[in-house]
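So the structure is just underneath, and the comments pick up after that.
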Amino acid sequence: MDIWDPQKESMKRDEIEQLQLERLQATLNRVYKNVRHYKTSFSDIDFMPEDLQSLTDFNKLPFTTRQDLRDDYPYGMFAVTLREVVRLHAPSLGFEKPVVLGFTKNDLNCWVELMARCLSGVGVTKDDVVQISMPTWKILNTFGIQRGAELIGASVLPVSIKNLPNQVKIMRDFRTTILVTTPGFAMGLINAISSSGIDMITLSLKQGIIGSEAWSENTRNLIEKNLHITATDIYSLTEIFGPGVAWECHEKNGLHISEDHFLPEIIDPVTLEPLPPGAEGELVITTLTKEAFPLVRFRTGDLTSLNYTPCGCGRTHARISRISKRTDDVFVMNATCVIPDQINMIITKLNNGKEPVFQLQAERKKDRDTLTVIIEVTDTMFFDEIKKQLLIVDDIQLAISEFLGWNVHVKFVEQGSIDRKKQVLDNRSL
């Protein structure tokens, strides 16, 4: 498999760290000068950007959280003027103050380069047809993938995932060779192909790039066996770029993270102390080249580990292990982050401002993932008749479904039925 940028992707460790230090110093100076949040947080610990003399000085800096990003809504975290921003995204609109992302022209070009690295790493060439099967609301994901494939010279086919049989027909007729999708859709595709009567041998599919949701080795094996492809993982982080932050090569031995653009750390999510290579903890990322929306020590909430040994593919940048757990109750379904706090806000609004007791149950049934929102009926609930109860169920179900972009099921249960220690029950076999 080709390395897209051998000079950068195969740098020696001392060269990587020197470049990181130089870019980190530039980033800290920029955010201290232009972002009030960072100027305040640095001043609170009597830190000045010039105090950073080595990478070991870095762990004294405070962390950045998603709440910090929301608190500075809409443009408070931008390090450039708005006229320099050519693209805006607000992926968490369910909050009163969502996170607003900004990209300069250079940011977008950088993202495209990173996606070209990823796609080249699994063998995508100008001879391939890349079918991007993502939900229509995942615009941020499809942009980087599409532009990266186009930079390589591949033919790109962005398609909504709504109609599985139609996807199979497109795959056959357009001779798709590379499929970029979610694990849930890939599993559904297996059933759709089986039902269609199409012989897998008539398809040109050879590679699957699977992401946007956690998935296991068992799921990988099922996808590879039934679709007759090689399936590799890709890590998305909406607050930075979406896909392209880290990705598996054909070695399938961890996900490469481009250390010339990102400085990764692993911390203990409880003590917040740094952990050594190989130890599992929370992934923290600092951007080194982002212009519009730079992040310093951003806590991702994803649990993984770091491996600094060179990969068999020839790349020397660090790799993270596959992510299957988080430090919070946020989970991904149908390529969408499901955040319990957002669901709580929707139900509370329809419950005359009274917060509910509820639980989210995720299941995987045949070719699709399903979500059930279970709500306890309490004395503060606003109905005393079955007819009213059914109407409220419909209202809540519609509101949550419209917000997420796909259908959910809502049901009421007796007071005391829900285990308050488990707000999320993810019963999917990932």
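The values are calculated or read from the model by the stated rules, or taken from the named source; none is laboratory data. Every value quoted in this text rests on a predicted model; they were computed, and no experiment measured them. When we count neighbours, we look across all protein chains shown, and the Cβ atoms used for this are built from the backbone with ideal geometry, even at glycine.
Tabulated values for the structure
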item: Matching option when the condition is at pLDDT 90 or above and touching a Ser or Thr at 6+ places or on another chain (Cβ under 7 Å), among ILE223, ILE132; result: ILE132
item: Scope the stretch 11-29; condition buried (at least 18 other Cβ atoms within 10 Å of the Cβ) and in a loop (DSSP other than H, G, I, E, B); matching residues; result: MET11
item: Restricting the stretch 221-248 to residues that are assigned to a strand (DSSP E or B), touching a His at 6+ places or on another chain (Cβ under 9 Å) and not aliphatic (A, V, I, L, M), the residue that is farthest from THR65 (Cα to Cα); result: THR230
item: Residues located in the stretch 151-182, provided they are in a helix (DSSP H, G or I) and of a type in the set (Val, Ile, Thr); result: ILE152, VAL168, ILE170
item: Some residue of the stretch 265-277 being in contact (Cβ under 8 Å) with a residue 12 or more places away in the chain, closer than 26 Å to ASP394 by Cβ and not hydrophobic (A, V, I, L, M, F, W, C); result: no
item: Sole residue being outside any helix (DSSP H, G or I) and touching a residue at least 12 places away in the same chain (Cβ under 8 Å), chosen from TYR32, TYR38, TYR75; result: TYR75
item: Some residue of the stretch 411-425 being modelled with pLDDT of 85 or more, under 29 Å from MET134 (Cβ atoms) and not β-branched (Val, Ile, Thr); result: yes
item: Unique residue being surrounded by 14 or more Cβ atoms within 10 Å (Cβ to Cβ), over 26 Å from ARG322 (Cβ atoms) and at pLDDT below 90 when the list is ILE198, ILE190; result: ILE198
item: Subset of the stretch 213-230 [of a type outside the set (D, E, K, R), touching a residue at least 60 places away in the same chain (Cβ under 8 Å), buried (at least 21 other Cβ atoms within 10 Å of the Cβ) and touching a Gly at 6+ places or on another chain (Cβ under 9 Å)]; result: TRP215
item: Which numbered condition ASP57 fails, given (1) modelled with pLDDT under 95; (2) surrounded by fewer than 17 Cβ atoms within 10 Å (Cβ to Cβ); (3) of a type outside the set (A, V, I, L, M, F, W, C); (4) in a loop (DSSP other than H, G, I, E, B); result: (4)
item: So LYS8, is it surrounded by fewer than 18 Cβ atoms within 10 Å (Cβ to Cβ) and assigned to a helix (DSSP H, G or I); result: no
item: Residue in the stretch 80-91 that is in a loop (DSSP other than H, G, I, E, B), modelled with pLDDT under 95, within 27 Å of VAL338 (Cβ to Cβ) and out of contact with any strand residue (DSSP E or B) (no Cβ under 8 Å at 6 or more places or on another chain) present; result: no
item: The one condition in (1) surrounded by fewer than 17 Cβ atoms within 10 Å (Cβ to Cβ); (2) farther than 21 Å from LYS12 by Cα that TYR308 fails to fulfil; result: (2)
item: Matching residues in the stretch 281-331 - criterion: being closer than 22 Å to LEU108 by Cα and among the polar types (S, T, N, Q); result: THR286, THR287, THR289, THR300
item: Close pairs (6 angstrom Cβ cut-off, 6 or more residues apart or separate chains): under 20 Å from LYS60 (Cβ atoms) in the stretch 1-28, surrounded by 15 or more Cβ atoms within 10 Å (Cβ to Cβ) and not hydrophobic (A, V, I, L, M, F, W, C) anywhere; result: THR27/PRO294; LEU28/PRO49
item: Sole exception among (1) surrounded by 15 or more Cβ atoms within 10 Å (Cβ to Cβ); (2) at positive phi for GLN146, by number; result: (2)
item: Subset tally (residues that are under 19 Å from SER204 (Cβ atoms) and within 21 Å of the chain's Cα centre (by Cα)) for the stretch 146-159; result: 3
item: Condition met for ARG83 (farther than 30 Å from GLU402 by Cβ and either over 27 Å from the mean Cα position of the chain (by Cα) or outside the structural domain of TRP247 (by TED's automatic domain parsing) (or both)); result: yes
item: Residue within the stretch 309-327 that is of a type in the set (Gly, Ala, Ser), in contact (Cβ under 8 Å) with a residue 24 or more places away in the chain and within 22 Å of GLN67 (Cα to Cα) present; result: no
item: Near pairs, Cβ below 8 angstrom, 6+ apart or cross-chain, from the stretch 188-210 (touching a residue at least 12 places away in the same chain (Cβ under 8 Å) and in a loop (DSSP other than H, G, I, E, B)) to any residue that is polar (S, T, N, Q) and surrounded by 13 or more Cβ atoms within 10 Å (Cβ to Cβ); result: LEU203/THR176; SER204/THR176; SER204/THR177; LEU205/THR176; LEU205/THR177; LYS206/THR177; LYS206/THR230
